[in-house]
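The values are calculated or read from the model by the stated rules, or taken from the named source; none is laboratory data. Since the model is a prediction, treat every value here as computed from it, not as a measurement. Counting neighbours? That spans all protein chains shown, and the Cβs are built from the backbone with ideal geometry, glycine included. Side chains are part of the model used for accessible areas, which takes the heavy atoms of the whole protein and leaves out ligands, DNA and RNA. Shrake-Rupley method; radii C 1.70, N 1.55, O 1.52, S 1.80 Å.
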Amino acid sequence: MKAVAVFPGERQIRVTDHPAPKLESPKQVLARVLDVGVCGTDKEIARFDYGTPPDGWDHLVIGHESLSEVVEIGGEVSRVKKGDLIVLTVRRPCPEMCPACRAGRQDFCYTGDFTERGIKQQHGYMTELVAEDEQYAWPVPRELRDVAVLTEPLTIAEKAIEQLWEIQARLPWACPSGPGEKANGSCHHALVLGAGPVGLLGAMALRVYGFEVSVYSRITHGDPGDQVVRAIGANFIDASKVAVEDMARQMGTIDVVYEATGASGLAFEVIAQLGNNAVFIFTGVPGRSGPIPVPTDLIMRDMVLKNQLIYGTVNASPTAFESAIRNLGVFTQRWPEALKTIITKRYPLEQAPELLTGRVQGIKNVVAIAS
Ligand code: BGC
Ligand code: ZN
C-alpha cells in the first residue's frame, strides 16, 4: 500500500510502498485512514530535525493526527465496531512499563523510552490502512466526519486544561473550579499566544470552559485566524501593532496564558507581565536557536511574590481524547463556520511531501487519503 515516509539516511521524503498491516491480536482493530493532519512536528521530522524510524527500518511512515474508519475487528474488541469512525492516540508505553505508563499515562512517561506513532520508533498514519489495539482507538460520532481530524491537536489543550483545574484548585474561593456543569473558567481571563491550529483550538476550548479569552498573534496574510478568534467571542490583539506591555495593560489581569507559538522570546516577555496567582502553560517546542537575554531576577521575584506557576505539557491523556471529541461536537454547534475554517485545505496523498517540506499557507492542512 501507499505511504508517505521519511528516509533519514537518504534525507528524503516520498510516497513509498509499505507492507499493509493485518490484525495481530484479538484486541486489535484494522482501519482505513481517511484524513491525516499536518503539524509543526511533522515539518520538523521532514527537515530531519526530529523523528526516528522503528528499529530495523530505513524509513518512518509519518502522520499522527488521524481519522479513520474501522474495517475489521479482532474477537476481543468491544468498544469499537466495524464501520465506526475512530481517532487513534499517538504515544505508546515504554518497554520498562514505568509507573506512569503502567497507569495508562504514557504522556507522563518517566524513562523517555515511550514510542510515538508517526514520530518516534513507530510507523504513523499517513498511509492507507492501520492496525492498532482497541485501547488506543476513540470512536467519533459520524456528524464530526469533516472536523474529527482536529481531535489530536485539540487534546493538547484538553490535557493542559485538565492540569489547570488541578493547579488552580489551590484557589478554591476564586470561582468554581474543577470540571462541573458550570463553566468553571467563568471568572478568569485567559491569554492565548498564537493563532495557529493549537492556539485557535485552545482558544475555543477555553471559551467553552467559560474563560474570557484574548488571542495575541500577528495577522498572517491570507489566514482567517483573526476572524476565527472574533467568531468565537474572543478578543484578537494584533502582535504586529501592539507591544507585549501594552497588550498586558489592555487585558488588565491575565490569569492563564496558553502558549502555542514555540517562540521562547515572546513567551518570556509575557511571563514578565503575569499578575498575582497566574499560570503560564507552554505547549510549543522551539527550534534550537541561540540564547536570548531574559530578565531572570524580575521573573524569579514575581514568581515568588505573586505565587506564579509555569508548566509545560506534551501529548495527552485518555480523558483528553474524550473531552476533545465531546468539545468538537460543542464547537460544531456553536461555531460551525469558524471550526471549518481551521481546516484550510485537503490535499491528495501524492502532494503530502510538498505539504511537509514547502511553505504551503494556511492554518491546518490535511492529507485526504480516502473519503
Ligand atoms: C504531538 C504529540 C507528541 C509531541 C512530541 C506533537 O506534535 O501532538 O502527541 O507527543 O508532538 O513528539
Ligand atoms: Zn502534532
For this session: May I ask you to say which residue of 162, 166 is within 16 Å of ligand 1 (Cβ to nearest atom) and open to solvent by 20 Å² or more (accessible area, probe 1.4 Å)?
Result: 162
Seminar exercise, completed: Of those in the range 35-55 that are more than 12 Å from ligand 1 (Cβ to nearest atom) and surrounded by 19 or more Cβ atoms within 10 Å (Cβ to Cβ), the residue nearest to the chain's Cα centre (by Cα) is 36
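With more than 21 Å from the chain's Cα centre (by Cα) and in contact (Cβ under 8 Å) with a residue 12 or more places away in the chain as the only criterion, which of 322, 337, 354, 350 stands out?
It is 350.
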For this session: Could you list all residues from the range 217-243 that are under 14 Å from residue 261 (Cβ atoms) and open to solvent by less than 10 Å² (accessible area, probe 1.4 Å)?
Result: 225, 237
Problem set entry | Of residues in the range 61-83 being farther than 23 Å from residue 346 by Cβ and assigned to a strand (DSSP E or B), the one most open to solvent (accessible area, probe 1.4 Å) | 72
Problem set entry | Test result for residue 58, farther than 22 Å from residue 198 by Cα, of a type outside the set (Lys, Arg) and either over 19 Å from the mean Cα position of the chain (by Cα) or more than 14 Å from ligand 1 (Cβ to nearest atom) (or both) | yes
Exercise. How do the pairs read when you match residues in the range 187-199 that are within 17 Å of residue 165 (Cβ to Cβ) with residues anywhere that are modelled with pLDDT under 95 and polar (S, T, N, Q), using Cβ under 6 Å and keeping only pairs 6 or more apart or on different chains?
Worked result: 189/253
Seminar exercise, completed: Pairs returned, first residue in the range 28-50 that is free of Cβ contacts under 8 Å to residues at least 40 places away in the same chain, second residue that is assigned to a helix (DSSP H, G or I), beta-carbon separation under 7 angstrom, 6 or more apart or interchain, are none
Exercise. So how many residues does the range 133-148 have that are open to solvent by less than 40 Å² (accessible area, probe 1.4 Å), farther than 18 Å from residue 108 by Cβ and touching a Lys or Arg at 6+ places or on another chain (Cβ under 8 Å)?
Worked result: 3
Seminar exercise, completed: Exactly one of 128, 158, 76 is closer than 30 Å to residue 211 by Cα and not β-branched (Val, Ile, Thr), and that one is 158
Exercise. Hey, residue 352 hits all of (1) closer than 15 Å to residue 37 by Cα; (2) in contact with a helix residue (DSSP H, G or I) (Cβ under 9 Å, 6 or more places away or on another chain) but one; which does it fall short on?
Worked result: (2)
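Here is a yes/no grid of residues against (1) over 17 Å from residue 122 (Cα atoms); (2) at pLDDT 95 or above; (3) away from ligand 2 (no atom under 16 Å from the Cβ):
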| residue | (1), (2), (3) |
| --- | --- |
| 3 | no, yes, yes |
| 6 | no, yes, no |
| 11 | yes, yes, yes |
| 14 | yes, yes, yes |
| 56 | no, yes, yes |
For this session: Run residue 175 past the list (1) more than 28 Å from residue 343 (Cα to Cα); (2) open to solvent by 30 Å² or more (accessible area, probe 1.4 Å) and report the number of the one that doesn't hold.
Result: (2)
For this session: Can you tell me which residue within the range 205-223, out of those that are small (Gly, Ala, Ser) and part of a loop (DSSP other than H, G, I, E, B), is modelled with the highest pLDDT?
Result: 210
Exercise. Is it the case that residue 314 is touching a residue at least 12 places away in the same chain (Cβ under 8 Å) and in a helix (DSSP H, G or I)?
Worked result: no
Exercise. Can we say residue 246 is at pLDDT 95 or above and among the acidic types (Asp, Glu)?
Worked result: yes
Exercise. Does the range 105-112 contain any residue that is within 16 Å of the chain's Cα centre (by Cα), surrounded by fewer than 22 Cβ atoms within 10 Å (Cβ to Cβ), among the aromatic types (Phe, Trp, Tyr) and more than 14 Å from ligand 2 (Cβ to nearest atom)?
Worked result: yes
For this session: Go through 61, 36, 70 for me and flag whichever is in contact with a Ser or Thr (Cβ under 6 Å, 6 or more places away or on another chain) and over 17 Å from residue 10 (Cα atoms).
Result: 36
Exercise. (1) surrounded by 15 or more Cβ atoms within 10 Å (Cβ to Cβ); (2) within 24 Å of residue 225 (Cβ to Cβ); (3) among the hydrophobic types (A, V, I, L, M, F, W, C): which one isn't true of residue 285, the others all being true?
Worked result: (1)
